[in-house]
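Here's the structure we're looking at; comments come further down.
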Amino acid sequence: MPETLSQILSFLQGIGVTGFLVFLRVGAAAALLPVFGERSVPVRVRMAGALAFTVIIAPAVTPQFAAPSLAAGGLARAFATEVIAGLVIGAGLRLFVQLLQIAGTMAAQATSLAQFFGGAGVDPQPAFSQLLVMGGLALAVLAGLHVRIVETFILSYEMLPPGAFPAAGDLAQWGVARVAAIFAAAFSLAAPFAIAALIYNVALGVINRAMPQLMVAFVGAPALTAGGLVLMLLVTPAALTIWLTMLNGFLADPAGGGGAP
């Protein structure tokens, strides 16, 4: 009986340590995850989401954990690596929200709608950014974002094993590549607005040269605003579809997926 009780206690202790290590990775990423890590989401809801993810992920990744050392140094190393891994995953996913914000800012700036109806969210940003972010997050949730996140966390234990620090050079190279891809993708999504603004300004200059007495700014400004709104109506569905494809590519392969379209 004492031997059986000792085995049970040892088993429960192993599960507890493993679950806590998984929670460290998930909890570190939870503050940055799209939808679940938004500043408008209460902290208690984030905590509940992190715990729910932990309960789902822990049984699947238990074989990835060697018998954790109870020595202070071994536990401290495991704690540090799990937090770093969670921050890396969360930062990579948070960049996709920044992508929509940057694309919306570019589009709004090109169509003279940079501050029109802006400031509806936690952080002041153009209305186009608000529309793209809210639409993108809603589309991601409808496409099963929570399931994809669980799959990504399980996959991350093969890329970032427990107790192993990621190589600083590889991590820096990955981060630079991700940021570059996000900016390239943001410009690609906002390209129709930049092209339309260029055509508008060229046409405005030609009209001004042909008819100097006409106040082209008063005539062109309403046309630019209306054109920007119509273009947003036409472009947004395709832009969000491209964004969702990139997000799913990153979730399937965090090391190199989700590049610019």
If packing is taken as the average count of other Cβ atoms within 10 Å, what order do 42-51, 155-164, 186-195 fall into, highest mean first? 186-195, 155-164, 42-51
Please sort 104-111, 54-61, 229-236 by packing, taking for each peptide the average over its residues of neighbouring beta carbons within 10 angstrom, highest first. 104-111, 54-61, 229-236
If a/c stays under 1.5 just call it rounded; otherwise compare a/b with b/c (prolate if a/b is bigger, oblate if not). Do that for the range 2-252, with a ≥ b ≥ c from the square roots of the Cα gyration tensor eigenvalues. prolate
Rounded, prolate or oblate: which fits the range 181-261 when a ≥ b ≥ c are the square roots of the eigenvalues of the alpha-carbon gyration tensor, with rounded for a/c under 1.5 and prolate only if a/b beats b/c? prolate
Under the rule a/c < 1.5 gives rounded, and otherwise a/b versus b/c splits prolate from oblate, where does the range 83-199 land using the Cα gyration tensor? prolate
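Bear in mind that the values in this text are calculations on the coordinates, not laboratory data. Quantities reported herein were computed from a predicted structural model and do not represent experimental measurements. FYI the Cβ positions are ideal-geometry reconstructions off the backbone, even for glycines, and counts take in every protein chain you see.
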